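Report on one structure; see the data block that follows.
The values are calculated or read from the model by the stated rules, or taken from the named source; none is laboratory data. It should be emphasised that the depicted structure is a prediction, and the values quoted were computed from it without experimental measurement. Cβ placement follows ideal geometry from the backbone for every residue including glycine, while neighbour counts extend to all protein chains displayed.
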């Protein structure tokens, strides 16, 4: 390899993508062929969203640039203004600092805006998690747009790789590496029940549901009813402890946060977290009886254990379904029935469709071949 390291900017806009990035970050930081800089934006600097910059520091990483670009509210105009702010702030970075490669993960509106701002600068983009489909969120259009702006594509299944190839009309630069989250799970020392109790105050030896509800941003006007239906179901599932993680900042997320926090008040069996951190969240998933809601973690991560997933509504419509996933509409009776019917049923085997836990290694190898080996 050459003597000048490849200068990489890794974009992270939320707790979710940072947790997924961790196996890749460790390899990039340890490899002398790379000079890594982390650019943190979106909700990371916000105290009211858990100040997840601290999570980056706690993992031993420096942040080259931190910018508060989080929306000031949860209305469509707030999201749009936030996207514009991301583009302005990122433009300042690209004007003053030269990077050889930008790594972007996922499909959030902030990530789309950050990648879009690179186009006039002709910067090389590597996109992680392309080719996926989520009918119930604007993320679908954002993800596919990032795919069209990127030159390298690291998908998590062969089916998603084929989706990217169809979109681009070419297989050049398109690789199925498997999911970084499987690297995380296969290498991470997950907490046992006593350790997790010491960290969270929750005894996971009791039957526990891990609950996350994100807005459906295509039909955001329905989200007030969605959270009401979920709470109606949870009230009738009080024999289970309920560990709730609050939603990301999205259109109409405020009503979901507000109602879930209100539901948890004076309820000793309901625990709400702004940010559990990757280790505690994945450990909670390991020990929970089932995952309830509409989080994307109910797919690759839940398939690893495997765990039952009660996937509600349309937000994740279009993703690959594995035998551990039970799809239900926003109907309290059907949510309750799905939870109780799976409680006495063994979780079916899923298999390694999301990879063997070597995604970071594969990504590093490909970046070297594409960006260093080819000069």
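Looking across 23, 45, 32, one residue alone is within 26 Å of residue 371 (Cβ to Cβ), surrounded by fewer than 19 Cβ atoms within 10 Å (Cβ to Cβ) and assigned by TED's automatic domain parsing to the domain that holds residue 138. It is 32. Got at least one residue in the stretch 60-74 being assigned to a helix (DSSP H, G or I), outside the structural domain of residue 278 (by TED's automatic domain parsing), touching a helix residue (DSSP H, G or I) at 6+ places or on another chain (Cβ under 9 Å) and surrounded by fewer than 16 Cβ atoms within 10 Å (Cβ to Cβ)? Checked the stretch 60-74: no residue is assigned to a helix (DSSP H, G or I), outside the structural domain of residue 278 (by TED's automatic domain parsing), touching a helix residue (DSSP H, G or I) at 6+ places or on another chain (Cβ under 9 Å) and surrounded by fewer than 16 Cβ atoms within 10 Å (Cβ to Cβ). Considering 56, 79, 39, 102, the condition of being within 28 Å of residue 215 (Cα to Cα), part of a strand (DSSP E or B) and not assigned by TED's automatic domain parsing to the domain that holds residue 221 is satisfied by 39 alone. Taking (1) surrounded by fewer than 18 Cβ atoms within 10 Å (Cβ to Cβ); (2) touching a residue at least 12 places away in the same chain (Cβ under 8 Å) in turn, residue 258 satisfies each apart from (2).
Restricting the search to the stretch 220-246, which residues are part of a loop (DSSP other than H, G, I, E, B) and more than 21 Å from the chain's Cα centre (by Cα)? Lay out the reasoning, then the answer.
Going through the stretch 220-246, the residues part of a loop (DSSP other than H, G, I, E, B) turn out to be 236-240, 246.
Residues satisfying the conditions are 236, 237, 238, 239, 240.
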